[in-house]
1. Tally the residues that are touching a strand residue (DSSP E or B) at 6+ places or on another chain (Cβ under 9 Å) and touching a residue at least 40 places away in the same chain (Cβ under 8 Å), restricting the search to region 52-80.
2. Which count do you get for residues in region 7-51 that are in a loop (DSSP other than H, G, I, E, B) and free of Cβ contacts under 8 Å to residues at least 40 places away in the same chain?
3. Residue under question is residue 4, and the condition is that it be touching a strand residue (DSSP E or B) at 6+ places or on another chain (Cβ under 9 Å) and either without any contact (Cβ under 8 Å) to a residue 60 or more places away in the chain or within 17 Å of residue 109 (Cβ to Cβ) (or both); does it hold?
4. Could you please find all residues in region 58-86 being more than 24 Å from residue 17 (Cα to Cα) and surrounded by 14 or more Cβ atoms within 10 Å (Cβ to Cβ)?
5. How many residues are within 14 Å of the chain's Cα centre (by Cα) and more than 25 Å from residue 97 (Cβ to Cβ) if we restrict to region 50-70?
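No value in this document is a laboratory result; all are computed from the given coordinates. This structure is a prediction, so every number in the text was calculated from the model and none was measured. Reconstructed Cβ throughout: ideal geometry from the backbone, glycine too, with neighbour counts over all protein chains shown.
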């Protein structure tokens, strides 16, 4: 089971990727296994010497009743101290941010792939859309020529 943040690669240039663990409750894990996760508007922040995932929506587990979690709560990410210090120094540069790219399971543990990202300008986004349209047209023409 894998949840991908497609909007992140469209809105940001990914400079570096870092895999980290995430602290979750039991009902959150069950909701993630059901695929009820949205990474669309989420980001990570460093407070002190700890990294937190903010604004990630993990839906409430339908059978969790009294022990259910808050869907948009702030979750702690698990990284080594030296990794956090490296991230902190990179984020002090202008315009860089931590964005979750993917949430997945590795050996039955939930992992987040964080990207050190720089925001794209509107003209960069238009260029990506233009390239995508050209590729689509080329594949259509190739498919048509192959059938003929």
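1. Result for region 52-80: 8.
2. Of the residues in region 7-51, 7 are in a loop (DSSP other than H, G, I, E, B) and free of Cβ contacts under 8 Å to residues at least 40 places away in the same chain.
3. So residue 4 fails the test.
4. 59, 60, 61, 64, 68, 69, 71
5. 0
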